[in-house]
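The values are calculated or read from the model by the stated rules, or taken from the named source; none is laboratory data. On a predicted model such as this, the values are computed, not experimentally measured, just so you know. Note that each Cβ is placed from the backbone with ideal geometry, even for glycine, and that neighbours are counted across all protein chains shown. Ligands, DNA and RNA are stripped out before the accessible areas are found, and what is left, the full protein with its side chains, is counted by its heavy atoms. Shrake-Rupley method; radii C 1.70, N 1.55, O 1.52, S 1.80 Å.
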Amino acid sequence: MRYYVLDRGDQLSIDLSQQFHKLAEERGLQLDAETPEIVVSIGGDGTMLHAFHTFIDRIPELAFVGVHTGHLGFYADWQCEELSTLVDYMCGKGDPSPHKPRIVKYPLVELEIHRKSGTTSHIALNEFTLKGVEGTVVLQIDINDETFEMFRGDGICISTPSGSTAYNKSLGGAMVHPSIEALQIAEIASINNRVFRTMGSPLLLPKHHHCDIFSRREQRLMLTVDHTNYPIDDLISVRCQVSEKKVSFARYRPFPFWKRVRSSFLV
């Protein structure tokens, strides 16, 4: 099996990465930075986001595995002391043997960003946000090419189901199981009074729907895709929809989504 490791860069993660390489070499795994079958992320959920975007052009061809070095993350199944077991499972060993992974696929959000300077496309694993740099923003939200609301406030967050437990949750959004192919729209500090009205609650759009966000005045904006920021002062619109692509995770043992939720927020 061909693999690659991407770590967070702190000393613990670097040490674990070196340990993983040693174990993998002893068991005959092949290190491949160009065409890996499995990408191992060692760190936290931020490290997984970095790994995802590093290999975003090969998403349909590989699967990810997470090893966490701190608090349990939603994308990490393994703990530091379990590297040897993980490598055994990746080699088809372990108890029971042979041990093959179950590949689970999570929905992604696809973005088409239209600016006066051109059009670009992005894919988000967690979320996309659009915020004002110098105060509140004015954004028109269309759903399926029909005007839905004129938003005034701090910004808008569009999340995937797996990203619904991240920034979206802090905005009062719902946690959505990744088997549901949908995107979620959550408002960031909306203004609601006699003059300005917004929905004021999160919305779920199914796969066959899309939303467009139009900038309705000259304003400096910060567009964020997962962990990357893009300052923009010439935005025309952003189209958001569930991507045809999905991200794959290799599950070598059961770790249900709701167990992850409970482990992160309740235990």
Rounded, prolate or oblate (a/c below 1.5 giving rounded, otherwise prolate when a/b exceeds b/c) for the range 209-252 by Cα gyration tensor: oblate
Three-way shape call for the range 185-238 based on the alpha-carbon gyration tensor, with the a/c threshold at 1.5: oblate
Residue 214 accessible area, assembled protein chains, probe 1.4 Å, Å²: 50
Spacing of the two label points (7 Å from each Cα toward its C-beta) at residue 56 and residue 230, in nm: 0.8
Karplus 3J(HN,Hα) series, Hz, for the range 246-258 with 6.51 cos²θ - 1.76 cosθ + 1.60 (x for Gly, Pro): 9, 8, 10, 10, 8, 9, 8, 7, x, 8, x, 4, 5
Net charge dipole size for the range 107-244 [Lys, Arg +1 and Asp, Glu -1 on Cβ; Debye, nearest 20]: 400
Kirkwood hydrodynamic radius (C-alpha pairs) into Stokes-Einstein, the range 1-76, 25 °C and 0.890 mPa s, D in µm²/s: 198
Protein-only accessible surface order, largest first, of 2, 217 at 1.4 Å: 217, 2
Value at 222 nm in deg cm²/dmol, rounded to 500, when DSSP H runs of n ≥ 4 in the chain each add -39,500 (n - 2.57): -5000 deg cm²/dmol
Size of electric dipole in the chain: Cβ of Lys, Arg +1 and of Asp, Glu -1, about Cα centre, debye, nearest 20: 640
Pairs of lysines in the chain (C-alpha under 23 Å apart; 8 or more residues apart or interchain): 17
Amide H contacts under 5 Å for residue 37, placed H, 5+ residues apart: 2, 3
Accessible area of the range 107-244 divided out per residue, in Å², using a probe of 1.4 angstrom: 46
Loop-located trypsin sites (Lys or Arg not before Pro) in the range 181-214 whose Cβ has at most 10 other Cβ within 10 Å (DSSP): 194
Surface accessible to a 1.4 Å probe, residue 93 within the full protein complex, Å²: 100
Rel. contact order, % - alpha carbon contacts under 8 angstrom, at least six apart, the range 107-244: 33
Prolate/oblate/rounded label for the range 139-180 (Cα gyration tensor, a/c 1.5): oblate
Kirkwood Rh in Å, taken over all unlike Cα pairs in the range 107-244: 14.7
The chain, accessible surface, carbon-and-sulfur percent (1.4 angstrom probe): 49
Solvent accessible area, Å² - residue 4, 1.4 Å probe, full protein context: 70
Given charges at Cβ of Lys, Arg, Asp, Glu: the chain dipole, positive-most of 111, 30, 47: 111
Leading residue at positive end of dipole, the range 107-244 (Cβ point charges), from 144, 205, 195: 195
With 10 Å bins from 0: P(r) over the chain, alpha-carbon pairs, percent: 7, 28, 31, 20, 10, 3, 0
